[in-house]
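Student: Following this message is one structure expressed as structure tokens.
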Amino acid sequence: MEKIALVTGASSGIGWSTAEYLVGKGIKTVAAARRIEKMEQLKEYGIYTVKLDVTDTRSIDRCLDEIRQNVGEVDILINNAGVELLGPFELLPMEEGRRLLDVNLFGVLEMTRRCLPHMREQRWGRVLNVTSIGGVGSMPYNTWYHLSKHAVEGYTRSLRQEMNPFGVGVATVRPGSINTAIWEMEEPRRWNSDYQEAADKVVRYSKDQNVELGKDPVLVAKAVFKAITDKQTKLSYSAPLHARVVLFLSKYLLTESFANRMVCSAVGVPFKPKN
Ligand SMILES: NC(=O)c1ccc[n+]([C@@H]2O[C@H](COP(=O)([O-])OP(=O)(O)OC[C@H]3O[C@@H](n4cnc5c(N)ncnc54)[C@H](OP(=O)(O)O)[C@@H]3O)[C@@H](O)[C@H]2O)c1
């Protein structure tokens with residue numbers, strides 16, 4: 001495939017696996033992240049690596065100029081860079097929430113705006129936004145993350161309609177539980193007594209669930225490849241299998257109240273259906 005794919009957040013986890021997988025499939029691939037030194041090994045696979053901070057518009061412009069000069073125009077953008085933030089919404093400083101949105105939401109928007117002109121003009125392109133099953137459902141003490149992923153899901157739906165006449169496919173890729181560095185969190189933080197126990201449980205659950213039971217990121221890379229190669233891009237792609245099951249249940253079978261009880265009891269957080 002004579003197309004150029006740019007994967008953001010490729011210094012680790014899903015981004016790394018995706019870059020490695022796509023180049024293995026013959027797609028010219030560019031890997032971008034802040035820690036360019038962590039991507040040395042990707043160069044050995046024939047991947048072009050570039051420094052990128054998606055929260056900094058100058059960094060984005062420099063990154064895309066460098067790609068233009070050394071590789072070519074981006075035909076396929078994989079907005080994968082992302083961060084997590086757990087804690088009680090009431091007590092998390094707004095500044096921390098804004099920082100998350102700068103990466104998970106505004107970073108996606110800035111990158112996409114700059115890559116669309118070439119895709120629109122050539123009447124072909126792909127914008128693939130890595131959201132999460134958490135872009136459809138939710139878990140307590142993870143409000144900022146869900147806010148960002150739900151926002152990207154909504155934005156994808158609208159942009160998809162807008163870009164359709166120009167042959168640009170826009171879709172989300174929704175991973176389930178994947179074992180990556182995103183779960184290497186700091187030690188539990190101090191909150192107040194109303195929140196402490198539940199917040200600690202969520203942190204512990206997130207780590208245990210995703211590290212011990214989390215799947216190989218290459219499964220998400222395969223879903224990305226499918227989204228690139230499908231003749232007609234679907235609205236969303238999910239991986240691995242448990243993600244597809246959860247999404248199916250939440251779409252067709254689970255009531256909101258049942259889903260709340262299920263999630264909260266899995267995490268070990270109280271939920272009173274009558275409240
Ligand atoms: N792991 C899961 O279970 C899971 C589940 C659902 C969805 N996801 C989503 O999958 C995506 C990838 O996550 P992951 O699990 O692979 O996590 P990860 O291993 O921690 O990788 C996150 C990547 O994002 C990059 N990044 C963070 N801030 C950035 C910034 N300001 N500018 C550019 N790059 C930045 C990091 O690179 P640098 O620090 O070098 O910049 C890193 O390469 C995220 O969007 C995440 O929300 C993950």
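Rule-based calculations on the coordinates, nothing more; no lab input. Being a predicted model, the structure only gives us computed values, none of them experimental. Every residue, glycine among them, receives a Cβ derived from its backbone with ideal geometry; neighbour counts consider all protein chains shown.
Student: Tell me the net charge near VAL103. Cut-off is 15 Å between Cβ atoms, VAL103 excluded, with +1 for each Lys or Arg and -1 for each Asp or Glu.
Tutor: Details: positive: ARG34, ARG35, ARG98, ARG99, LYS149; negative: ASP53, ASP56, GLU84, GLU95, GLU96, ASP102, GLU110.
Its environment carries a net charge of -2.
Student: Calculated from DSSP H runs of 4 or more alone, at -39500 (n - 2.57) each and per residue, what is the 222 nm mean residue ellipticity of the chain, nearest 500?
Tutor: -14000 deg cm²/dmol, from helical runs alone.
Student: Hey, another quick one. Please determine, in degrees from 0 to 90 and to the nearest 10, the orientation of helix 13-24 with respect to the longest principal axis defined by the Cα atoms of the chain, where the helix direction is its Cα long axis.
Tutor: Taking Cα atoms only, the helix is inclined about 30 degrees.
Student: Which of the aspartates and glutamates could a cross-linker span from LYS25 if the Cα-Cα distance has to be under 12 Å and same-chain partners fewer than 8 positions apart are dropped?
Tutor: Result set, ordered by chain and number: GLU2.
Student: With a Cα-only, solvent-free Debye model of region 1-117, what are the log10 I(q)/I(0) values at q = 0.13 Å⁻¹?
Tutor: With one equal scatterer per Cα and no solvent, log10 I(q)/I(0) is -0.49.
Student: A follow-up question, please. Mind scanning LYS28/LYS51; LYS28/LYS226; LYS51/LYS222 and naming the pairs with a C-alpha gap bigger than 19 Å?
Tutor: Numbers: LYS28/LYS51 17 Å; LYS28/LYS226 16 Å; LYS51/LYS222 25 Å.
Beyond 19 Å: LYS51/LYS222.
Student: Starting from the Cα-Cα distance between GLN232 and ALA181, subtract it from 0.36 nm times their residue separation and give me the gain in nm to one decimal. Display every interim value, and only then the final one.
Tutor: Working: separation 51, 0.36 × 51 = 18.36 nm, distance 3.26 nm.
Difference between extended and current length: 15.1 nm.
Student: In whole angstrom, note down how far apart the Cα centers of region 14-58 and region 191-258 are.
Tutor: Centre-to-centre (Cα) distance: 24 Å.
Student: Check TYR237: other-chain or 5+ apart residues with amide H under 5 Å from its amide H, H built from backbone geometry?
Tutor: Those qualifying (amide H under 5 Å, at least 5 residues apart or on another chain) are THR172, VAL173, ARG174.
Student: Measure nothing but the geometry: give the 0 to 90° angle between the long axis through the Cα atoms of 218-229 and the longest principal axis through the Cα atoms of the chain, rounded to 10°.
Tutor: Orientation of helix 218-229: about 50 degrees from the principal axis.
Student: Work through the residues other than VAL136 whose Cβ is under 9 Å from its Cβ and net out their charges, Lys, Arg +1 and Asp, Glu -1.
Tutor: Values: positive: LYS149, ARG174, LYS251; negative: GLU153.
Surrounding charge for VAL136 is +2.
Student: Grab the alpha carbons of region 139-198, take their convex hull, and tell me the volume per residue in Å³. Show your work: numbers first, answer last.
Tutor: Details: hull volume 6.9 nm³, N = 60.
About 116 Å³ per residue, rounded to a whole number.
Student: So, one more: Would you mind checking the tilt of helix 57-70 against the longest principal axis of the Cα atoms of the chain, expressed as 0 to 90 degrees and rounded to 10?
Tutor: Long axis of 57-70 versus the principal axis of the chain: about 40 degrees.
Student: Grab the beta carbon distance between GLU66 and ASP208, set R0 = 30 Å, and tell me the FRET efficiency rounded to 0.05. Walk me through the numbers before you get to the answer.
Tutor: Numbers: r = 40 Å, r/R0 = 1.34.
Step by step, r from the Cβ atoms, then E = 0.15.
Student: What pairs in LYS43/LYS215; LYS43/LYS201; LYS234/LYS274; LYS3/LYS207; LYS215/LYS272 have C-alpha atoms more than 30 Å from each other?
Tutor: Details: LYS43/LYS215 25 Å; LYS43/LYS201 40 Å; LYS234/LYS274 38 Å; LYS3/LYS207 37 Å; LYS215/LYS272 32 Å.
Correct reply: LYS43/LYS201; LYS234/LYS274; LYS3/LYS207; LYS215/LYS272.
Student: When the convex hull of the Cα atoms of the chain is projected onto a plane and the area is averaged over all directions, what value comes out in nm²?
Tutor: Computing the convex hull of the Cα atoms and averaging its projections yields 14.7 nm².
Student: So if a site counts as exposed when it's one of the GluC sites (Glu not before Pro), its DSSP state isn't H, G, I, E or B, and it has at most 14 other Cβ atoms within 10 Å, what's the longest stretch of the chain without one? Working shown, then result.
Tutor: Numbers: sites that count: GLU2, GLU90, GLU184, GLU186.
Result for the longest clean stretch: 91-183.
Student: Relative to the Cα centre, what is the charge dipole magnitude of region 4-240, using +1 at the beta carbon of each Lys and Arg, -1 at the beta carbon of each Asp and Glu, and rounding to the nearest 20 debye? Mind showing how you got there, number by number?
Tutor: Details: 31 positive and 30 negative charges, 184 e Å.
Roughly 880 debye for region 4-240.
Student: In debye, nearest 20: dipole of region 1-62 around its Cα centre with unit charges on the Cβ of K, R (+) and D, E (-)? List each step's numbers first, then the result.
Tutor: Values: 10 positive and 8 negative charges, 14 e Å.
The dipole of region 1-62 has a size of about 60 debye.
Student: Starting from the Cα-Cα distance between GLU44 and ARG120, subtract it from 0.36 nm times their residue separation and give me the gain in nm to one decimal. Please report the intermediate quantities before stating the final value.
Tutor: Working: separation 76, 0.36 × 76 = 27.36 nm, distance 3.21 nm.
Extra length available between GLU44 and ARG120 comes to 24.1 nm.
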